[in-house]
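Computed from the coordinates by the stated procedures, all read-outs in this text should not be read as laboratory data. These numbers come from a predicted model, not from an experiment. Cβ placement follows ideal geometry from the backbone for every residue including glycine, while neighbour counts extend to all protein chains displayed.
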Amino acid sequence: MAVYVFDMDGTLTPARLPMTAEFAADFYEWQKNHKCFIATGSDLKKVKEQLPQNVVDSFSGIYSSMGNVLTVQGEVVYERNFKPEPELLNRLEQYRQETAYPGTLYSNYIEERVGMINFSILGRNCPFEERNKYGIWDKENCERLKIAGELGASFPQYDVSIGGTISIDITPKGFGKGQIARHLRESCPNEKLVFFGDRTFKGGNDYELAQALLRLSNTQVVQVASPEEVLMHLKNNRFEPKS
Ligand code: M1P
């Protein structure tokens, strides 16, 4: 049997939105006969907000906060944390004060999760419509790309990647999604590992995990554009190793 690993936002759900009822019904049926995990940059609270309880309970494990927390059936198996330097936090404050973004800014702009920081100039407590507004402005002005480049150069002990629409994920080196590949291989040494993500390309937040998996044998990475595409692949069922 293969073991399946799914990113959450943009892969199992629309970005930062709940899983649709239609998708949940089909996916839950599929889960009954397959072993699967989540690998997300979001924290467990957001996983529980976005997925129905029966779907959450049917995963063999949930790697949240970039794999810095593993939860199995509601029990925390491990947590890996760090303490950010004041210099890094000061720099983030400075970016927020000096942004050229013309719209309103909201609270919770430095979210310290276990093992990572999620930084959003806009602020995570923004109304949903403001996410798209900032996302469009950012595409034109490349604010996040510029900040990520500068932070990476000034703080080489960290990995800095563009999150989803409004944020940047910052992890100490070795605390990124790639760590999930090692952990999964240790716990599933003989199974084929199949990973689905919407940003497995260079610069995307699934890239590190996709590459770490592809360096191992007996793995497959599936780039998808939407939850519907995930279902299509699962229904075609071309991932099981030939017996
Ligand atoms: O897709 C995963 C990303 O989702 C959110 O990104 P944003 O708020 O920018 O859309 C964040 O939870 C981020 O950490 C995560 O990588």
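To the nearest 500 deg cm²/dmol, what mean residue ellipticity at 222 nm is calculated for the chain from DSSP H runs of n ≥ 4 alone, each contributing -39,500 (n - 2.57), summed and divided by the residues? List each step's numbers first, then the result.
Working: 9 runs with 89 residues, N = 243.
Taking each H run of at least 4 residues, the total per residue is -10500 deg cm²/dmol.
What nm distance separates the two modelled labels at Asn190 and Thr104, each placed 7 Å from Cα along Cα→Cβ?
So the two model labels end up 5.9 nm from each other.
Filter Lys192/Lys235; Lys48/Lys192; Lys35/Lys202; Lys32/Lys177 down to the pairs with a C-alpha to C-alpha distance above 22 Å, please. Can you show the working numbers first?
Numbers: Lys192/Lys235 18 Å; Lys48/Lys192 27 Å; Lys35/Lys202 28 Å; Lys32/Lys177 26 Å.
Pairs exceeding the cut-off: Lys48/Lys192; Lys35/Lys202; Lys32/Lys177.
Which values, in whole Å and largest first, are the semi-axes of the equivalent ellipsoid of the stretch 65-196 obtained as the square root of 5 times each eigenvalue of the Cα gyration tensor?
On the way: eigenvalues 175, 56, 41 Å².
Equivalent-ellipsoid dimensions as semi-axes: 30, 17, 14 Å.
Amide H neighbours of Phe195 under 5 Å, at least 5 residues apart or on other chains, H built in the peptide plane: list them.
Val5, Gln220, Val221, Val222
Determine the sum of side-chain charges near Val56: Lys and Arg each +1, Asp and Glu each -1, restricted to other residues whose C-beta is under 11 angstrom from that of Val56.
On the way: positive: Lys48; negative: Glu49, Asp57.
Computed value for this residue: -1.
Who wins for biggest fluctuation among Gly176, Gly41, Gly135 in a Gaussian network model of the chain, springs between alpha carbons below 10 Å?
Largest GNM mean-square fluctuation: Gly135.
Provide the gained length on full extension for the span Gln157 to Ser217, in nm with one decimal, where the gain is 0.36 nm per separating residue minus the Cα-Cα distance.
On the way: separation 60, 0.36 × 60 = 21.60 nm, distance 2.87 nm.
Separation in residues times 0.36 nm, less the Cα-Cα distance, equals 18.7 nm.
If you build a Gaussian network model of the chain, linking Cα atoms that sit under 10 Å apart, which residue out of Ser154, Ser58, Ser167 swings the most?
The residue that fluctuates most here is Ser154.
Name the long-range amide H neighbours of Ala2: under 5 Å, sequence gap of 5 or more, or other chain; modelled H, no Pro or chain starts.
Under 5 Å from the amide H of Ala2 lies no amide H from a residue far enough along the sequence or on another chain.
Could you give the length gained by full extension between Ala25 and Tyr78, i.e. 0.36 nm per residue of separation minus their alpha carbon distance, to one decimal place? Before the final figure, lay out each step's value.
Numbers: separation 53, 0.36 × 53 = 19.08 nm, distance 3.02 nm.
Taking 0.36 nm per residue and subtracting the Cα distance, the gain is 16.1 nm.
Calculate log10 I(q)/I(0) of the stretch 1-126 for q = 0.09, 0.22 Å⁻¹, where I(q) comes from the Debye formula with a single equal point scatterer on each Cα and nothing for solvent.
Debye curve over Cα of the stretch 1-126, log10 I(q)/I(0) at q = 0.09, 0.22 Å⁻¹: -0.32, -1.25.
Please report the equivalent ellipsoid semi-axes of the chain, computed as sqrt(5 x eigenvalue) of the Cα gyration tensor, largest first, in whole Å. List each step's numbers first, then the result.
Details: eigenvalues 189, 78, 52 Å².
Taking √(5λ) for each Cα gyration eigenvalue gives 31, 20, 16 Å.
Quick one: give the max-minus-min coordinate of the C-alpha atoms of the stretch 172-243 along each principal axis, largest first, in Å.
Ordered largest first, the stretch 172-243 gives principal extents of 38, 29, 15 Å.
Lysines near Lys133 by alpha-carbon distance under 21 Å, same-chain residues fewer than 8 away left out - which ones?
Lys146
Short version: ³J(HN,Hα) in whole Hz for each residue of the stretch 225-239, in order, from phi by Karplus 6.51 cos²θ - 1.76 cosθ + 1.60 (θ = phi - 60°), x for Gly and Pro, what are they?
Working through the residues one at a time gives 9, 6, x, 4, 5, 4, 4, 4, 5, 5, 5, 5, 6, 10, 9 Hz.
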